[in-house]
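Structure, as structure tokens:
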Amino acid sequence: MAAAAVVDGDVGHAAAHGWRDEERRLPMPTDTPSRWYSISKPVTALALGQLVAAGKLRWDQPVSQLVPGLRFADPVATERATIVDCLLHQTGLPTGNWTWWQAPTNPAELLQRLPHIPCSAGFRAGHQYQNLGFTILGEVFKAAGTDWHQAIHDLLEPLGIKPLTRLQEFVASDRALGYGTNGFLPAVPAGDF
């Protein structure tokens with residue numbers, strides 16, 4: 001467990017407790033890299049907000065206008081899905097993260113497969129948790145002339161946080177090993193959708 005107390009914008013105290021490697025009984029200091037999972041989502045939204053404030057993007061911009069060739073299975077989502085729709089998981093993509101189960105993680109290949117994923121929920125029909133919207137947003141950063149990895153570093157490093165945004169960096173680090181020896185759960189095959 002790690003926690004920090006922030007007072008008037010400054011970290012007043014930070015502490016960590018536990019093991020970064022329980023088997024070898026290695027303690028977990030506050031600078032131990034660990035998986036940040038969906039914590040990256042609000043940080044991504046903040047980085048996008050900086051691009052909106054700089055006039056490089058608009059919240060209501062359809063992502064298909066920013067990412068050449070982007071298509072959803074639902075033509076309405078293709079035409080209307082905005083940056084905000086991707087952030088709020090309301091593009092109509094079904095709940096689930098099929099990208100986690102022995103599927104490709106290359107963004108170009110994921111987006112190439114996007115038109116084949118049924119938008120079962122219906123465009124803006126509600127919240128359907130789906131990470132592919134954030135794959136799309138990674139391409140939106142490129143359309144705005146930056147790279148998601150660089151935007152996150154630019155946002156967090158002034159706060160003294162050195163994020164490991166690339167998988168290779170994380171796997172090579174002296175990270176917390178809470179999810180198996182390589183930092184991940186064993187792969188689970190995806191069912192048909």
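Here are a few things to note about the model shown:
- The chymotrypsin sites (Phe, Trp or Tyr not before Pro) of segment 26-75 that DSSP puts in a loop, and whose beta carbon has at most 14 other beta carbons within 10 Å, are Trp36, Trp59.
- Placing a label point 7 Å from the Cα of Leu159 along the Cα-to-Cβ line, the residues of segment 28-65 whose backbone N sits under 18 Å from it are 30-53.
- Rounded to the nearest 10 Å², the accessible area of Ser38 at probe 1.4 Å: 50 Å²
- Database remark: amide H of Asp21 closer than 5 angstrom to the amide H of Leu26, Leu177 (H placed geometrically; neighbours at sequence offset of 5 or more, or on other chains; Pro and chain starts carry no H).
- Sequence-ordered 3J(HN,Hα) estimates for segment 6-22 from the Karplus curve with 6.51, -1.76 and 1.60 and θ = phi - 60° stand at 10, 10, 6, x, 10, 6, x, 7, 9, 8, 9, 9, x, 10, 7, 9, 5 Hz, glycine and proline given as x.
- Per-residue HN-Hα couplings for segment 43-55 [Karplus 6.51, -1.76, 1.60; θ = phi - 60°; Hz; x = Gly/Pro]: 5, 4, 4, 5, 5, 5, x, 5, 5, 5, 4, 7, x
- Residues of segment 1-140: accessible area per residue with a 1.4 Å probe, Å²: 58 Å²
- For segment 1-30, the list of trypsin sites (Lys or Arg not before Pro) that fall in a loop by DSSP and count at most 11 other C-beta atoms within 10 angstrom reads Arg24, Arg25.
- Residues in segment 123-133 carry Karplus couplings, in order, of 4, 6, 7, x, 7, 10, 4, 7, 6, 4, x Hz; the curve used is 6.51 cos²θ - 1.76 cosθ + 1.60 with θ = phi - 60°, and Gly or Pro positions show x.
- Restricting the calculation to alpha carbons of the chain gives Rg and Dmax of 18.5, 53 angstrom.
The values are calculated or read from the model by the stated rules, or taken from the named source; none is laboratory data. None of these values were measured; they are calculated from a predicted model. We place every Cβ from the backbone using ideal geometry, glycine too, and count neighbours over all the protein chains shown. For the accessible areas, the whole protein counts, side chains as well, though only heavy atoms, and no ligand, DNA or RNA atoms are used. Shrake-Rupley method; radii C 1.70, N 1.55, O 1.52, S 1.80 Å.
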